[in-house]
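Read the structure below first, then the notes.
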Amino acid sequence: MKQGLVQLQTTKLVMTTELRQAISLLQFSSAELMQFLQEQATENPLLNVVEPLQIYASKKRKKKNSTTFTGEPFQKVDRYSNATSIHDHLLKQIGLMDVNGKEKQILDYLILSINDAGYFVGNIEEISARFSVTIEKVEELLGKIQECDPPGVGARNLQECLLLQLKNQQERNLLAEQIVEQHLEKLADRKWKEISQIIQEPIEKIQEVFDYIQTLNPRPGSAFTKEAPNYIIPDMIITRQNDGTFALSFNEDVIPTIKIDSAYESFMNKLSNEANKYLKEKLEHVHFIKKAYEQRLLTMQKVMEAILEKQAEFFHFEHGKLKPLTMKEVAEKIGVHESTVSRTVNGKYVQTPKGVFELKYFFTSTIQTENLEDVSSKAVKETIKAIIDKENKKKPLSDQQIAVILKEKHGYNISRRTVAKYREQLGILSSSKRKRY
């Protein structure tokens with residue numbers, strides 16, 4: 001075999017730093033974008049970024065009922081919202097107890113062994129040895145914590161957590177306590193008939209106990225948080241005009257302003273060659289970031305306009321359903337790659353007259369009806385949920401029966417397996433576990 005040198009010409013896409021940053025700007029959420037711009041401003045003296053949320057906060061203080069943002073519908077407020085953590089809440093309570101110095105030390109240690117869900121995860125024997133006290137003494141002090149608020153805190157497992165809550169009720173439910181203590185696994189598996197036969201109680205009472213247990217909190221520490229709540233603030237806003245059409249705009253409260261610090265430009269030519277070269281490089285980088293940022297906004301606008309056009313029925317009518325729509329379809333319409341659409345819709349939100357949605361919510365798979373019309377998987381899921389909501393709970397429908405109803409009454413050609421998959425995605429139990437007595 002003869003050896004030699006051969007010259008080949010190939011084309012490669014080089015992922016430059018600028019290209020990586022341009023892609024990053026597109027896929028960033030509003031919060032991530034703001035953090036990125038702040039980091040760039042720290043490194044680049046010519047880049048000046050005006051943070052929008054500061055403007056929004058001052059507006060909100062002046063005008064409580066803002067028309068550009070609907071408030072905080074996404075944060076759950078509860079009576080523990082001002083507490084820093086479950087540990088702080090418990091430490092305040094044991095501070096009021098009549099205990100000696102050593103007992104206080106052990107109680108503090110026990111509290112630190114409680115996780116964020118409110119469960120005690122420490123080792124009684126190790127704590128006993130650590131403080132040179134009996135196991136019974138540690139158990140006694142743990143019992144003091146279990147008497148604290150919230151009910152169920154300090155439990156070592158789910159069974160103990162539920163029992164603590166049951167015994168804390170003003171009116172004790174002895175049947176519920178018995179079932180939780182002796183048959184919790186069977187109750188969770190909805191083996192009501194089996195429990196009924198064992199304890200010789202009507203199955204209706206077992207079912208009532210199950211419903212009652214559902215009102216208890218399996219994670220008593222979950223009401224406390226160490227982190228500030230996250231708010232969803234939409235990137236874009238769709239408003240209905242007087243003529244019935246829709247207008248799309250960006251939410252100014254999340255749109256930062258990128259400026260060039262003109263103070264440096266005025267004396268750039270007066271600097272040394274090295275300093276002048278440095279500032280020119282920084283100036284070029286600012287121009288690049290501005291261009292990439294403007295391209296990000298333009299792409300978001302084009303994608304949302306394509307969604308608005310395709311899903312017109314959903315936006316126009318109160319009970320309008322989503323049509324099948326793929327990212328490839330939108331990509332072809334606006335002349336970009338499918339991956340660009342994927343980056344654009346991820347983590348971006350739009351406020352509409354029907355609520356706030358993530359952009360990727362509007363993309364659904366296709367299912368064909370008997371009339372060869374395309375419907376979205378979301379529409380089928382909504383129909384399945386509606387069918388189950390109206391079923392006879394004493395004789396719940398099987399997945400096969402639901403598949404038959406979908407075909408005969410709605411024209412949806414889907415298999416039993418697909419019904420089961422959609423039902424599970426909706427968080428709906430199987431027919432055997434939905435049955436009521």
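Here, each number is a calculation from the coordinates, and none is a lab measurement. This structure is a prediction, so every number in the text was calculated from the model and none was measured. Reconstructed Cβ throughout: ideal geometry from the backbone, glycine too, with neighbour counts over all protein chains shown.
Summary table below
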{"read-out": "Contour minus Cα-Cα distance for residue 317 and residue 191 (0.36 nm per residue)", "value": "40.9 nm"}
{"read-out": "Contour minus Cα-Cα distance for residue 200 and residue 250 (0.36 nm per residue)", "value": "11.6 nm"}
{"read-out": "Charge dipole (debye, nearest 20) of the stretch 86-223; +1 at Cβ of Lys and Arg, -1 at Cβ of Asp and Glu", "value": "120"}
{"read-out": "Relative packing of 25-37, 161-173, which averages over residues the other C-beta atoms within 10 Å, highest first", "value": "25-37, 161-173"}
{"read-out": "Viscosity 0.890 mPa s, temperature 25 °C, Stokes-Einstein D of the stretch 86-223 from Kirkwood C-alpha radius, µm²/s", "value": "152"}
{"read-out": "Cα-Cα over 31 Å, subset of 360/394; 302/421; 104/167; 259/302", "value": "360/394; 302/421"}
{"read-out": "Full-extension gain in nm, residue 291 to residue 100, via 0.36 nm per residue minus C-alpha separation", "value": "62.0 nm"}
{"read-out": "Per-peptide average of other Cβ atoms within 10 Å, ordering 319-327, 144-152 highest first", "value": "144-152, 319-327"}
{"read-out": "Surrounding net charge for residue 179, when Lys and Arg each add one and Asp and Glu each subtract one, Cβ distance under 15 Å", "value": "-3"}
{"read-out": "Rg/Rg_globular for the stretch 291-427, with Rg_globular taken as 2.2 N^0.38 Å and Rg from C-alpha atoms", "value": "1.22"}
{"read-out": "19 Å Cα-Cα threshold exceeded, pairs from 193/395; 186/435; 390/433", "value": "none"}
{"read-out": "Kirkwood Rh in Å, taken over the stretch 307-355 so that all alpha-carbon pairs contribute", "value": "11.9"}
{"read-out": "At 1.002 mPa s and 20 °C, Stokes D of the stretch 367-434 from Kirkwood alpha-carbon radius, µm² per second", "value": "179"}
{"read-out": "Listed pairs 323/348; 290/328; 282/310 exceeding 31 Å between Cα atoms", "value": "282/310"}
{"read-out": "Summed side-chain charge close to residue 198 - residues other than residue 198 whose Cβ falls under 12 Å, Lys, Arg +1, Asp, Glu -1", "value": "+1"}
